[in-house]
């Protein structure tokens, strides 16, 4: 039996959109310091589940508990302040700002609890925040482009920038929604190595990913969603061998 602390508990979560069931009876526990992958077919409810975890969507029933604290009445920015960061399926960046400024904004928010855009002119004078942002950009391989306007990046590089914007906050829990989408195989392999380095630092991660090379390279535990329900939960070897998973999902993808 594992002795790790449970840092995230999704407890009996349900969510409907009109007559469409997005999540039903979802219950999973994420242990501290692990990589917990969530896989499943398109439309299974994976992104909805992450949106529930960060407060963007309120569940119809059930609760999300982070480090022993229920997040039911918390706003997304409050959940972020507690130590939960998310990389979205579609990168959310400040296109007109430089890469360095993009990463310094969440660094300020993490340090001070807030950030006012009318103070952006004073950003360059904040040495400690700038150094933290440069370190995060170096982590994702974008340091040399720190003065480039973010809107000019490729889709894959925008995803790496958003990852740097999360890493600079040093979150306890990092949620990644298809972090390698839009990347070449070379960039995907580089991202796998980056996430392995992050794992070695003890950062807990929940990853939604269709690329089974990424999943089986990183995950300590896998939960499989299909039609809004968890149909399997276990180690990568257990999930790979599960006949329900093969029928519902793994038969559809290239490993």
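No lab work stands behind these numbers, since they all come straight from the coordinates. What you see is a predicted model; the values in this text were computed from it and never measured. Note: ideal-geometry Cβ built from the backbone for every residue, glycine included; neighbour counts use all protein chains shown.
For this structure, a couple of remarks:
- Cβ-based exposure ranking for 57, 222, in which fewest neighbours within 10 Å come first: 57, 222
- Theoretical gain in end-to-end length, residue 128 to residue 216 [0.36 nm per residue, Cα-Cα removed]: 28.0 nm
- Sorted by Cβ density within 10 Å, fewest first, the residues 235, 223, 200: 200, 235, 223
- Degrees, to the nearest 10: 185-200 long Cα axis against longest axis of the chain: 90
- Cβ-to-Cβ counts within 10 Å put 195, 225 in ascending order as 195, 225, the fewest first.
- Entry note, the chain: the mean residue ellipticity at 222 nm calculated from DSSP H runs of n ≥ 4, each adding -39500 (n - 2.57), is -10500 deg cm²/dmol after division by the residues and rounding to the nearest 500.
- Taking each residue as 0.36 nm, the span from residue 63 to residue 200 lengthens on full extension beyond its C-alpha to C-alpha distance by 46.4 nm.
- Computed over Cα pairs, the Kirkwood radius of region 1-86 leads via Stokes-Einstein (1.567 mPa s, 4 °C) to a diffusion coefficient of 96 µm² per second.
- With Cα atoms, 0 to 90° folded angle of helix 99-112 axis to the chain main axis: 80
- DSSP-defined antiparallel bridges as percent of all bridges, the chain, nearest 5: 55
- Helix 127-139 and the longest principal axis of the C-alpha atoms of the chain enclose an angle of approximately 50°.
- Alpha-carbon centroid distance for the pair region 194-240 / region 131-171, whole angstrom: 24
- Simple spin-label estimate for residue 14 and residue 189 in nanometres, 7 Å along Cα-Cβ: 4.8
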